[in-house]
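The values are calculated or read from the model by the stated rules, or taken from the named source; none is laboratory data. The structure displayed is predicted, hence computed values, not measured ones. Cβ atoms come from the backbone with ideal geometry, glycine included; neighbour counts cover every protein chain shown.
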Amino acid sequence: MTMFQFKEMLEKEGIIFSFSGTISQPILSGIGETIESDLVAMEMDTNVTMKIFAVFTEQMQNIMSYSKERRENRENRHSSPGICVVGLDAQKEKYYVHSANIMDIKDEPIVSKKIDHINTLDDSGLKKYYKELRRSGKGVHGRGAGLGFLEMAKRSCEPLEYRITNIDDERSFFEIKVYI
Amino acid sequence: MNNLTIKASKYTPAIELNAETNTLTISGKSYPENTFDFYAPVITWLQEYFSSDTVEKTTLNMDIIYFNSSSSKLFFDLFDLLEEAQDGGKEITVNWYYDEENESAEEAGEDFKEDFEEMDFNIIKK
């Protein structure tokens, strides 16, 4: 593929930003700021910008915390390969944040169950569940509170779209797309 | 006791816990990957601070532009710690500041206020 073809594909998909490579906290914050300033330059509404930034952050930190390919560089500091794009869906006229990583096949049922449940909730249900989980701390682990997908859903105008594609006996490819 | 000062980074807020003025300030963005590790010194400092008999009226000023979901949990636990101190007889005020254009910061403040009804929790437009 030529870069021209790549550029054409990006344009066709309405992609404003794309990244594929190793994600870590410094990269996340650098990219996050870049996207933020791009959106500000496009004179986008502050609240939409904040929502995109929030969904992007949750997706990147999920990849860093849960990807099967994650590495611990220093104590509790991770990096992991991942892919992320931010784009504008021309038909829906909505922005989206779409990302992917390799997941452990054992995590499939846990993740599916979690997202499927979240997708059954309306706005007030989401708020209630979020507050319950935050209070109880049931989802808490060393790096998070188990609130990431809920946080994305709160900022999204549609159900969370996800897809899991099996690779082999141990690995699957997980992707999630969130419309703002 | 010593004051605790932590400078802001790109993804962590500026923190100033002052035992002389009884003022606690957290301002900026909060989205570290290791939220609980990052805030551990803050929690430890507060536990020690509230264990002292001399502490009376304390004000927490929160001016957070953006925070991630793990910070949301951490802030909940922080307010919980303050509420416990209040139950133990301390006088506490929380001021949650937000920018007019930042709806999510305002909503987040309202959500916390609902969870801590017994506290003097003020939502303040900057």
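Here A:Arg135 clears all of (1) outside any loop (DSSP other than H, G, I, E, B); (2) crowded, with 16+ Cβ neighbours inside 10 Å; (3) at the interface with chain B (Cβ under 10 Å from one of its Cβ atoms) except the condition numbered (2).
So for segment B:47-59 (the condition being under 28 Å from A:Leu150 (Cβ atoms) and at pLDDT 95 or above), does at least one residue qualify? For segment B:47-59, residues under 28 Å from A:Leu150 (Cβ atoms) and at pLDDT 95 or above: absent. Yes or no: A:Val140 within 14 Å of chain B (Cβ to nearest Cβ), β-branched (Val, Ile, Thr) and without any contact (Cβ under 8 Å) to a residue 12 or more places away in the chain? So A:Val140 passes the test.
Counting the residues of segment B:13-36 that are farther than 28 Å from B:Asp53 by Cα and out of contact with any strand residue (DSSP E or B) (no Cβ under 6 Å at 6 or more places or on another chain) gives 5. In segment A:57-73, the qualifying residues are those that are free of Cβ contacts under 8 Å to residues at least 40 places away in the same chain and away from chain B (no Cβ under 12 Å), and the one that is farthest from A:Phe174 (Cα to Cα) is A:Arg71. Exactly one condition in (1) surrounded by fewer than 21 Cβ atoms within 10 Å (Cβ to Cβ); (2) within 14 Å of chain A (Cβ to nearest Cβ); (3) assigned to a helix (DSSP H, G or I); (4) not aromatic (Phe, Trp, Tyr) is not met by B:Glu117; state its number. Result: B:Glu117 passes all but (3).
Could you tell me whether segment B:49-60 includes any residue that is within 13 Å of the chain's Cα centre (by Cα), within 29 Å of A:Met152 (Cα to Cα) and crowded, with 20+ Cβ neighbours inside 10 Å? Taking every residue of segment B:49-60 in turn, at least one turns out to be within 13 Å of the chain's Cα centre (by Cα), within 29 Å of A:Met152 (Cα to Cα) and crowded, with 20+ Cβ neighbours inside 10 Å. Taking (1) in contact with a Phe, Trp or Tyr (Cβ under 7 Å, 6 or more places away or on another chain); (2) closer than 22 Å to B:Ala105 by Cα; (3) of a type outside the set (Phe, Trp, Tyr) in turn, A:Asp89 satisfies each apart from (2). All of (1) exposed (fewer than 14 other Cβ atoms within 10 Å of the Cβ); (2) free of Cβ contacts under 8 Å to residues at least 12 places away in the same chain hold for A:Ser112 with one exception: (2).
Which members of segment A:93-109 meet the condition of being surrounded by 13 or more Cβ atoms within 10 Å (Cβ to Cβ), closer than 30 Å to A:Arg71 by Cβ and not small (Gly, Ala, Ser)?
Quick first cut of segment A:93-109, residues surrounded by 13 or more Cβ atoms within 10 Å (Cβ to Cβ) only: A:94-105, A:107-108.
Still in the list and also closer than 30 Å to A:Arg71 by Cβ: A:96-105, A:107-108.
If the condition is that a residue be surrounded by 13 or more Cβ atoms within 10 Å (Cβ to Cβ), closer than 30 Å to A:Arg71 by Cβ and not small (Gly, Ala, Ser), then A:Tyr96, A:Val97, A:His98, A:Asn101, A:Ile102, A:Met103, A:Asp104, A:Ile105, A:Asp107, A:Glu108 are the ones that fit.
Give me the residue from segment B:1-45 that is among the basic types (Lys, Arg) and within 25 Å of A:Gly148 (Cβ to Cβ) and, out of that set, farthest from the other protein chains (Cβ to nearest Cβ).
If we filter segment B:1-45 for residues that are among the basic types (Lys, Arg), which is where we start, we get B:7, B:10, B:29.
Subset that is within 25 Å of A:Gly148 (Cβ to Cβ): B:10, B:29.
On the way: B:Lys10: 5, B:Lys29: 9 Å.
The extreme case among them is B:Lys29.
Just to be sure I understand the filter: pairs with C-beta atoms under 8 Å, separated by 6 or more residues or on different chains, first member in segment B:86-101 and on the phi > 0 side of the Ramachandran plot, second member surrounded by 18 or more Cβ atoms within 10 Å (Cβ to Cβ). Which pairs pass? Within 8 Å, no pair qualifies. Filtered by the rule that a residue be within 14 Å of chain B (Cβ to nearest Cβ) and touching a Ser or Thr at 6+ places or on another chain (Cβ under 7 Å), segment A:151-180 gives A:Glu151, A:Val178, A:Ile180.
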